[in-house]
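J.: Next up is a structure, given as C-alpha cells.
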Amino acid sequence: MLRGQRLPWRAAIHQPSRSLIVRWSGVSSSRYNAAFRVPLDSACRSGSLPPTMLRPFSSSSARRKDKPASGEGGDDPSGKLPGDAAAEEKNSVPRRKSPDQVGRTDRRRDNKTTAESQEREIEEESKGKVAEGKGNNNAPESPSPIPVSGGSSESKPSGANNGGGDDGSKKGKKGSGEKALQKPSVPDVYPQVMAIPIAKRPLFPGFYKAITIRDPNVATAIQDMMKRGQPYVGAFLFKDENADGDVIENLDDVYDVGVFAQITAAYPLRGETSGVTAVLYPHRRIKISSLLPPSDLQKPVATTTETQATEKRGDVVASFEEGVSEPAPKDHYESTSFLRKYPVSLVNVDNLTEEAVDKKSPIIRAVTSEIVNVCKEIATLNPLFRDQISAFYTDQFPGNLSDEPSKLADFAAAVSAGELHEMQEVLETMNIEDRLPKALIVLKKELMNAQLQSKISKDVEAKIQKRQREYWLMEQMKGIKRELGIESDGKDKLVEKFKEKAEKLAMPEAVKKVFDEEINKLAHLEPAASEFNVTRNYLDWLTQIPWGRKSVENFGIKNAMTVLDEDHYGLKDVKDRILEFIAVGKLRGTVEGKILCLVGPPGVGKTSIGKSIARALNRQYYRFSVGGLTDVAEIKGHRRTYVGALPGRIIQALKKCQTENPLILIDEVDKIGRGHQGDPSSALLELLDPEQNSSFLDHYMDVPVDLSKVLFVCTANVTDTIPRPLLDRMELIELSGYVADEKMAIAERYLAPAARELTGLKDVDVTLQQDAIEELIKSYCRESGVRNLKKQIEKVYRKAAFKIVQDLGEDVLSEDKALTEEGKLAQEEQAKQESEHEEKQTTAADPAETPLEPEKSTAETPRLALKVPDNVQLRIGKDTLKDYVGPAVFTTDRLYETFPPGVTMGLAWTSMGGAALYVESILENALTGESRPGIETTGNLQTVMKESTQIAYSFAKSVMAKQFPENRFFEKARVHMHCPEGAVPKDAGPSAGITMATSLLSLGLDHPLDPTIAMTGELTVTGKVLRIGGLREKTVAARRAGATKIVFPADNMSDWLELPENIKKDIEGHPVSWYSEVFDLLFADLERDAANQLWKKELAKEKSEKNGSE
C-alpha cells in the first residue's frame, strides 16, 4: 500500500469539511456542550440536528474497489481512472491551503508546529510515489480508505448523488452549503474496534444511550478517537449485573453479541478530572471473534521505522476490502493502531446480518399487532412511555409499522425494564420471527409493572381524596352548625367544658392560679398550633385529679374483722395493725395516710391482703408493681416538653380512683431497679415520707398534690435489698410461712371452693377429703406459702372434671345442649365462611386476597354451662390422690432418721421462708501420727457462711483442748464439712455457728446426736451465742422437719413468746446464752472419760509401729 494514497485521508482528518457544523471532539468547549445537551432530544424528534447527527445514519453498502485481475485495469467506483485519481490527489494538495483551512491551521499553530512540518515532508514524498504509481498501470491499487464521519474535501460519502464523473477541481469549487447537505457515512465493515463493557441492560440499534467512563485511559482513548474522526466502539453487556468497569479483561465476562456504536458526543464528568460521559448511537449488531485485552496491547510489536513514523504522525482510517486474496503487505495500516498505546480492550468483530423474512407472514403481522396494542396500553398508563412511543414512531416509522418489524422488536426491548438475560436474547436473536415473541414477553412484563404502579397510585389518590372530602365536609358541617347556633366553635366549647369541671372541684389556690393561666393561654391559641394540644392535655389532667374528693370510710371494727377473716386466715399481726388504724380514725373522725410494708415469703397473701384492707376501709384500690422499674418518670412523670409526656403512676392512680384517699399498693418494692434514667427508689423517698407527701410535686403536673390521705401498702420478700432511707420511712409487718394446720384451714375455706368453681364443679358432688389435703401438704407442698398448694388442688379438680366428662360421654353432655341460639347462628356462619374460603383458595391466585371475617361468626353468649346429673358422685381420698397429682415429692419428714456422728440439723431463713439446714462432717483419712490437720468446706457456701465455718472450727478445737485434753483428734484429723443441696446458695447469715461447732464436736467425740433437735444461733470465738432473726420461719421449718426441740439464743426469747400457740405446739424451746449450755443439752449422755481417751489407741498404735520399724 502506497503512503501517498493514505495522504488524502490524513489531510482529511486534520482538515474536516466546513459542512461539519457540530464538532464531536472531546475538546469542544464546555459552553457548547452544555448548550447542546439540552435540545438533544427535541432536535432528534424534529429532525433539526446537524448533518452529523441526522438519523438514520447511512447504513447502505459501501462502494468498494474491486481488485483488478492481473493485466487488467480495475474500475474506480467514481468513474475515474487511476491516473485521474493521481491527478486528483495532486490537485488536493493545494486545496489544503485554502483560506478557511489556513485559518484553522493558524488557530492550532501553537501546539501543532512539529506535526505540520512532518506533514509537509510526507506530502512531498507522497507526490513522487503517486507519480510512480501513475506510471505503473498494471500495479494493483490499494483499498479505498474508509470515509470518516465528517467527510473531507476529497472523500465522497456512499450514496451521494453529486455526480461520479466530476473531477477534483469541480468538487473543490462547490460551496459549503452543498457540502452541508451531505450525510455522514458509517463504515459497513469495521473489523477491529475498542470494546466498552456496559452493565444492567444491553444497547439496541437505533436508540441512544449515555454511558459514564471513569477509567482515565479509556476516556483519553475516546477523546483521541473523536479528534481523529473515528468515534466508533463496540458495546457489550456484562454477564454479571453487579459487575463494573470500562475494560474487558476476559472474554467470558461479557456476552459475545453486542452493537457497533458511534460516539455522538462526549462530555467531561462534573467534579472529576479524568472521566467522561459518552452518548452512543448503536448502528448494527456485531459479534466478538477474538479479544485483545490490555495486557496483550502492552506487549512490544516489531514494526518498521516507517510504520512508527506513520503512527507518530497520527495516520488514521484504513479501508478493509472484502474479497482480497493476497495477504496484506507488511506495512499494512490498521484503523485502531493508534489505540494500542492505551491500555484498553480491542476486539475483532464480525457483522451479524438478519435472516431473510417474509414481512407479510401472518405470525409476524400478529405479533407486531400485539406489540403495538401492548404499547398503547402502556402509553395510557405511563405518560413518559407515551412520549417515547411518539418520538420513536416519528423518527423510525414514516410509513407502515409492519414494514420494519425488526426495529419494532428492538424498540420493545429497549424501552422495557426486563431481566438482563431476556433482553440479551432479544439482541442475539437474528431471526425476526423468533425475536418478536421474545420482545413481546419483555414488553408484557413492562405492562404488568405499569398496571401495578397505576393501581398503587390510584389507591393512594383515593385515600387522599377521601380524607380531603371528609375534612371539607366536617368543616362545612361545623360552619352550618355555627350559623344555626346549634354548636359554638370547638375551642370555645373546650374552654367552657374545662371551666365547668374546675368549678366542681375544690382546687387549692396555687392550683387555681395555674389553671387560670393555662385556660387563658388555650383561649388565645389556634387549634392548629402544636402548643394547643399540649395545653389541652395538661388541662385535661389538671381537671381530672379529684381535688377535695374523698370516699366515705367505714370505721366499724366488726365490719373490718369480718371482711379480713373472710379473705384471709391467720395474719394476726396485719389484722391487728389495720384494726388499730381504724380505731384511731373512729376517735379522730379522720386518719392520715400511713405507709405499711408487708415482708414475707412468696405465696403468704401479701398482695391480696391489700385488696382486703381497701374493702374493709371502703377505700378505692389501686395496685402497681415497681419490680424491675428503672425510670424515675414512672414515679414522678415526664416533663411536658417531651412528646407523649404523661404524669407518674401516682397521679394516674388518683385519676382512676377519683378520690384523694385511696389505698395504693406498691408491689415488689424490694426488686426495684436502677438505670441511666435515674434511681426510682430515691424518687419513692418523697412519695413515702409522711412529712413530705402532703405537697408531692409531679414533673408533668408541676403543682403540689396532697398525698397525705393516701394509705400506702408496700410488699417485699426481703428487706436486704431495700435502701435503708426508704426502709426507715415504712412500718414493717413481717409475715411468716404457714404451718400444716394453717394450710389445712386455708385449703378447706378458700382454695378448694375457689378451685371447684373455677373448674365448673360448684354444683357437682365432688369432695376432696381431709386426709387427701393433709397428704398434699405433707408430701407435695412443704413451702412456706400456699401458692403451690393452690395449684395442686386446682390440678385435682381439673382431673376430676375430665373424668366426669369422659365417664358420662357425649350423649349426656352434648354440644347441641351447650350452644345458645345465638351461638348456633354464629357457628353456621363460620362454617359457611370456611367453605367459601376454601373454594376461593382453589381458584384465587393469591390466598391472602380471600380473608375470613371473624366478626360475623361471633356471639355475645355463644355457650351455656352444662348441668351434671345429680347422681354423679366423686370422692378423692389419700389412696386415690396419686392418680390425680402423681407420686409424692417428699417421701420422708427429715433427711436422716438417725444421725451418725458429725451430722446436725440447723435452721435457716430464706426468701421462701424457713428451711432445715443439715451440716455433715466426716474424717477424710485414717487418723495417724503422720497426718496433718485441716478442714475443707463444700455446699455452695457464701462469704458469711465460710466465716462461720472458720469460727466453729477454731472454737471446737478450743473446747476439745479444754475439756478433753487427751483427745488429740483435731491435732491430727483432716475434716470435710458439707451442707447438702449444693446447688442452693447458702448465705443466710451467721446463725449456723452453733450448728457447725456441734457437728465438729460430734465427729471428734464420736457421739451421735438426737435427730429431733434443731438449733440456730450465731457463735463467737469465746462461745457466746448471739441473737438471730426469722425465729418464726425457722420454727415453722423445724415443725415441718419433725423436730421436737429447738435451741435458740436467749436474746430471742421475746420473739419466741410472741409466736402463736399453734406454731409452738409440741415443740420445746431451749434459749441459751453460751455454748456450754448447748453442749450440756446435746451431749448430756456423753461419757467424758471415754471421750477423753478416744483416738488414743489409733495414735499410740501408729507410734509403736514407727518405733519398731526403726
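The values are calculated or read from the model by the stated rules, or taken from the named source; none is laboratory data. Computed from a predicted structure; not experimentally measured. Because the Cβ atoms are built from the backbone with ideal geometry, glycine has one as well, and the counts that use them run over all protein chains shown. Remember, those area values only see protein heavy atoms, side chains included, never the ligands or the DNA or RNA. Shrake-Rupley method; radii C 1.70, N 1.55, O 1.52, S 1.80 Å.
J.: Got a number for residues in the range 622-642 being in a loop (DSSP other than H, G, I, E, B), closer than 16 Å to residue 697 by Cα and either open to solvent by less than 50 Å² (accessible area, probe 1.4 Å) or small (Gly, Ala, Ser) (or both)?
T.: Matching residues across the range 622-642 total 2.
J.: Another question, if that's okay. With the checklist (1) in a helix (DSSP H, G or I); (2) open to solvent by less than 70 Å² (accessible area, probe 1.4 Å); (3) closer than 29 Å to residue 501 by Cβ; (4) of a type outside the set (Ser, Thr, Tyr) in hand, flag the one item residue 609 doesn't pass.
T.: (3)
J.: Quick check on this structure: which one of 870, 893, 883 is open to solvent by 100 Å² or more (accessible area, probe 1.4 Å), modelled with pLDDT under 85 and under 30 Å from residue 772 (Cβ atoms)?
T.: Among 870, 893, 883, only 870 is open to solvent by 100 Å² or more (accessible area, probe 1.4 Å), modelled with pLDDT under 85 and under 30 Å from residue 772 (Cβ atoms).
J.: While we're looking at this one, here's another question. With the structure loaded, tell me whether residue 246 is open to solvent by 60 Å² or more (accessible area, probe 1.4 Å) and within 18 Å of residue 193 (Cα to Cα) or whether it fails that test. Full working, then the answer.
T.: Numbers: open to solvent by 60 Å² or more (accessible area, probe 1.4 Å): no; within 18 Å of residue 193 (Cα to Cα): yes.
No.
J.: Helices (runs of 4 or more DSSP H) wholly in the range 993-1097 with at least 2 residues that are in contact with a strand residue (DSSP E or B) (Cβ under 8 Å, 6 or more places away or on another chain) - which ones? Spell out the reasoning first.
T.: On the way: elements: 993-1005, 1031-1040, 1053-1058, 1061-1064, 1075-1082, 1088-1092.
Qualifying helices (runs of 4 or more DSSP H): 993-1005, 1031-1040, 1053-1058, 1075-1082.
J.: Let me ask something else about it. Looking only at the range 368-389, filter to residues that are modelled with pLDDT under 75 and open to solvent by less than 70 Å² (accessible area, probe 1.4 Å); which one of those is farthest from residue 450 (Cα to Cα)?
T.: Checked the range 368-389; the qualifying residue farthest from residue 450 (Cα to Cα) is 389.
J.: Something else about it: With modelled with pLDDT under 90 and either farther than 29 Å from residue 865 by Cα or assigned by the TED database to the domain that holds residue 610 (or both) as the only criterion, which of 711, 735 stands out?
T.: Among 711, 735, only 735 is modelled with pLDDT under 90 and either farther than 29 Å from residue 865 by Cα or assigned by the TED database to the domain that holds residue 610 (or both).
J.: Further question: If you check every pair at least six apart or on different chains, which have Cβ atoms under 8 Å apart with a residue in the range 708-731 that is under 13 Å from residue 596 (Cα atoms) first and a residue that is of a type in the set (S, T, N, Q) second?
T.: Within 8 Å, the pairs are 710/661; 710/693; 711/661; 715/607; 726/681; 727/719.
J.: Determine whether residue 794 is at pLDDT 80 or above, open to solvent by less than 60 Å² (accessible area, probe 1.4 Å), touching a strand residue (DSSP E or B) at 6+ places or on another chain (Cβ under 7 Å) and under 30 Å from residue 753 (Cβ atoms).
T.: Spelling it out, it is not the case that residue 794 is at pLDDT 80 or above, open to solvent by less than 60 Å² (accessible area, probe 1.4 Å), touching a strand residue (DSSP E or B) at 6+ places or on another chain (Cβ under 7 Å) and under 30 Å from residue 753 (Cβ atoms).
J.: So which of 515, 532 is assigned to a helix (DSSP H, G or I), in contact with a Ser or Thr (Cβ under 9 Å, 6 or more places away or on another chain), open to solvent by less than 50 Å² (accessible area, probe 1.4 Å) and not assigned by the TED database to the domain that holds residue 589?
T.: 515
J.: Oh, and also: Condition (residue is more than 25 Å from residue 546 (Cα to Cα) and not in a helix (DSSP H, G or I)) applied to the range 643-664: is it met by at least one residue?
T.: yes
J.: Please state which of the following conditions residue 721 fails to meet, knowing it meets all the rest: (1) open to solvent by less than 10 Å² (accessible area, probe 1.4 Å); (2) at pLDDT below 90; (3) of a type in the set (S, T, N, Q).
T.: (1)
J.: Sticking with this one: So residue 920 fits all but one of (1) in a strand (DSSP E or B); (2) more than 22 Å from residue 1082 (Cα to Cα); (3) out of contact with any Leu (no Cβ under 7 Å at 6 or more places or on another chain); (4) not hydrophobic (A, V, I, L, M, F, W, C); what number is the exception?
T.: All conditions pass for residue 920, except number (2).
J.: State the number of residues belonging to the range 802-840 that are among the aliphatic types (A, V, I, L, M), in contact with a strand residue (DSSP E or B) (Cβ under 8 Å, 6 or more places away or on another chain) and modelled with pLDDT of 80 or more.
T.: 1
J.: Is it the case that some residue within the range 814-825 is loosely packed, with under 15 Cβ neighbours inside 10 Å, over 43 Å from the mean Cα position of the chain (by Cα), without any contact (Cβ under 8 Å) to a residue 24 or more places away in the chain and assigned to a loop (DSSP other than H, G, I, E, B)?
T.: Yes.
J.: OK, next. Would you say residue 745 is assigned by the TED database to the domain that holds residue 791 and under 46 Å from the mean Cα position of the chain (by Cα)?
T.: No: the conditions fail for residue 745.
J.: Which residue, of 464, 456, 441, is surrounded by 11 or more Cβ atoms within 10 Å (Cβ to Cβ), at negative phi and among the β-branched types (Val, Ile, Thr)?
T.: 441
J.: Taking the criterion of being touching a residue at least 60 places away in the same chain (Cβ under 8 Å), more than 53 Å from the chain's Cα centre (by Cα) and assigned to a helix (DSSP H, G or I), would at least one residue in the range 555-565 satisfy it?
T.: No, there is no match, as no residue in the range 555-565 is touching a residue at least 60 places away in the same chain (Cβ under 8 Å), more than 53 Å from the chain's Cα centre (by Cα) and assigned to a helix (DSSP H, G or I).
J.: Counting just the residues of the range 314-367 that are among the hydroxyl-bearing types (Ser, Thr, Tyr) and modelled with pLDDT of 80 or more, which one comes out least open to solvent (accessible area, probe 1.4 Å)?
T.: Here the residue is 345.
J.: Consider residue 767 against the criteria (1) under 30 Å from residue 688 (Cβ atoms); (2) more than 47 Å from the chain's Cα centre (by Cα); (3) in the same structural domain as residue 883 (by the TED database): it satisfies all of them except one. Which criterion is unmet?
T.: Checking residue 767 against (1) under 30 Å from residue 688 (Cβ atoms); (2) more than 47 Å from the chain's Cα centre (by Cα); (3) in the same structural domain as residue 883 (by the TED database), the one that fails is (1).
J.: Which condition does residue 878 not pass, out of (1) modelled with pLDDT under 80; (2) of a type in the set (Lys, Arg); (3) more than 42 Å from the chain's Cα centre (by Cα), if it passes all the others?
T.: (1)
J.: Would you tally the residues in the range 930-961 being open to solvent by 60 Å² or more (accessible area, probe 1.4 Å), part of a loop (DSSP other than H, G, I, E, B) and farther than 23 Å from residue 980 by Cβ?
T.: Adding up the residues that qualify gives 3.
J.: Now for a different question. Looking at (1) in contact (Cβ under 8 Å) with a residue 24 or more places away in the chain; (2) touching a helix residue (DSSP H, G or I) at 6+ places or on another chain (Cβ under 7 Å); (3) not β-branched (Val, Ile, Thr), which is the only condition residue 978 fails?
T.: All conditions are met except number (2).
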